[in-house]
Amino acid sequence: MRKNREKIINDELSALNAKFLLRFTREVENLRGKSITVDGRQYFNLASNDYLNLSNDTELINAVREGASEYGVGSGGSRLICGTHGVHAAVEEKIAGMKKTERGVLFNSGYNANLGIISAVLDSNSLALCDRLNHASIIDGVKLSGAKLVRYRHCDCEDLEVKLEQYRGKFKKAMIITDSIFSMDGDRAPLDEICGLSEKYDTFLLVDEAHATGVFGANGGGLSEEMNLAERIDFNMGTFSKAAGIFGAYVGLTREKKKFLINKARPFIYTTALPPALVYGIIRCIEIMQNRKEERINLLKNAGTLRGKLLSAGFNLSNSSSQIIPLVVGHEQKTTHFAEYLRREGVFAVAIRPPTVPPGTSRIRLSLTSALSRKDTRIISEIIISAGKSLNII
Ligand SMILES: Cc1ncc(COP(=O)(O)O)c(C=O)c1O
């Protein structure tokens, strides 16, 4: 009988392998700044979401140390039992300040936040309108809620309105959900128009600023800050795991909606609160992130220069307009070869394949950090262009 269970697992793994979709973890060392060491070799790191290079920031490391000595490493319970310490309340005030909202809520991760918000608000009599390229945690949140999932074409407000006309009247509650900066394409959602549609059709609006936090907005508050939309978004979420360089996630929202989530969001209620030491670090990291104005500007300038070079060379970069630049190749095997070629030349970038991206759009995802200089970016562009030519991608 045991053999049978092993066979089921092995057959599924073989099927993934045959389609070049098998994944594995890779141990890395010295994930510092612009470089990464894997199996003893150092590479340019174009795979990390540590956009502002804060994950090894001395001030942040000291803050977590200080937090551990002062408040301990474990929270002792869930937020509603005995896990809300002074630092949890303080970080939620900081979140509200950063997002310019009445209140803030801390979640244990971005994945948890999306699951929690969506399944708290929506139920089996609700409608969820999702951009086709929304992050997996959003789709999982909709599945957990039992709501009807309707996907509109990527960043296409005409299609969104067609779907609103078609479905909105049939459901009591509805929510439009979109990433602000898309994780795999690096493009921007048309947030202004989406806010307008959410108001016109009376839907909740959840915006996921995971990849915009720290990078967009004068104070790093995300695209909603840059576009001055804070008051028009019901649930303005993002993570501390990317540009903030640490861990955890947030939602900016009104006082009433905070009360609601605390009572209804299961991933908030039924899990141990984040360690106070870490939360103390998050408080410091929000302050640091807000002051990294020059780094934000340079990062986006550097990304623009790299994009220009790659576009002129003939790469398909989707509609990237951020620090995330996809090199869309199409076929899984060719994309995997491209990533291997780049690694041989000293650039560490990852092949992203289905189901993370739609079939036929496999790509190398380049993500830039503020640690890369203009000279580094020039060297990297030369390596990528030469690889693209050798593999007949451009
Ligand atoms: C758009 C988006 N939302 C949510 C998440 C999940 O965030 P976390 O890593 O904090 O769980 C991610 C991260 O992969 C993401 O890219």
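The values are calculated or read from the model by the stated rules, or taken from the named source; none is laboratory data. Remember, it's a predicted structure, so these values are computed and weren't measured experimentally. Cβ placement follows ideal geometry from the backbone for every residue including glycine, while neighbour counts extend to all protein chains displayed. What goes into the accessible areas is simple: the full protein's heavy atoms, side chains included, and nothing from ligands, DNA or RNA. Shrake-Rupley method; radii C 1.70, N 1.55, O 1.52, S 1.80 Å.
From largest to smallest, the equivalent ellipsoid semi-axes obtained for the chain from the alpha-carbon gyration tensor read 32, 27, 23 Å. Comparing segment 246-394 with the 2.2 N^0.38 Å rule of thumb, its C-alpha radius of gyration ratio is 1.35 (two decimals).
Near the amide H of PHE315, within less than 5 Å, lie no amide hydrogens of residues on another chain or at least 5 residues away, with H placed in the peptide plane.
Highest-first packing order for the peptide set 375-382, 194-201 is 194-201, 375-382, based on the mean count of other beta carbon atoms within 10 Å.
Across all directions, the average flat footprint of the convex hull enclosing the Cα atoms of segment 151-296 is 9.7 nm².
Computed 3J(HN,Hα) for segment 197-209, one whole-Hz value per residue from the Karplus formula 6.51 cos²θ - 1.76 cosθ + 1.60 where θ = phi - 60°, is 5, 4, 6, 4, 9, 6, 10, 5, 10, 10, 10, 9, 9, glycine and proline marked x. ARG266 contributes an accessible area of around 150 Å² to the protein surface, as traced by a 1.4 Å probe with all chains present. The protection proxy used here, the mean number of other Cβ atoms lying within 10 Å of each residue, ranks peptides 170-178, 202-210, 128-136 as follows, highest first: 202-210, 128-136, 170-178. Between ILE9 and SER390, the contour length at 0.36 nm per residue exceeds the alpha carbon distance by 133.4 nm. Each of LEU115, LEU206, ILE8 was scored by the projection of its Cα onto the charge dipole of the chain, and the greatest displacement toward the positive side belongs to ILE8; charges sit on the C-beta of Lys, Arg, Asp and Glu.
Computed over segment 133-206, the P(r) tail beyond 19 angstrom holds 31 percent of alpha carbon pairs. Divided by 2.2 N^0.38 Å, where N counts the residues, the Cα radius of gyration of segment 1-131 comes to 1.54. Residue-wise HN-Hα couplings along segment 79-91, as the Karplus relation 6.51 cos²θ - 1.76 cosθ + 1.60 with θ = phi - 60° gives them from phi, are 4, 8, 9, 9, x, 8, 9, x, 5, 5, 5, 5, 5 Hz; Gly and Pro carry x. With semi-axes defined as the square roots of five times the eigenvalues of the C-alpha gyration tensor, the equivalent ellipsoid of segment 73-139 measures 26, 16, 12 Å, largest first.
The stretch between ILE61 and VAL38 holds 6.0 nm of extra length on full extension. This uses 0.36 nm per residue minus the Cα-Cα distance. Taking amide H as placed 1.01 Å from N in the peptide plane, the amide H of PHE204 sits under 5 Å from that of ALA174, MET175, ILE176, each at least 5 places away or on another chain. Both radii come from the Cα set of segment 16-75: Rg as radius of gyration, Rh as Kirkwood radius; their ratio Rg/Rh reads 1.16.
Charge dipole (Cα centre; +1 on Lys/Arg Cβ, -1 on Asp/Glu Cβ; no other charges) of segment 118-200 amounts to roughly 500 debye.
In this structure, the amide hydrogen of LEU366, modeled 1.01 Å from its nitrogen in the peptide plane, lies closer than 5 angstrom to those of ILE325, LEU327, counting only residues at least 5 positions away or on a different chain. The label-point distance for ASN291 and LEU16, in a model that sets each label 7 Å from Cα toward Cβ, rounds to 4.4 nm.
Our coupling estimate for segment 228-240, obtained by passing each phi through the Karplus curve with A = 6.51, B = -1.76, C = 1.60 and θ = phi - 60°, is 6, 10, 3, 6, 9, 10, 6, 10, 9, 9, x, 10, 9 Hz, Gly and Pro reported as x.
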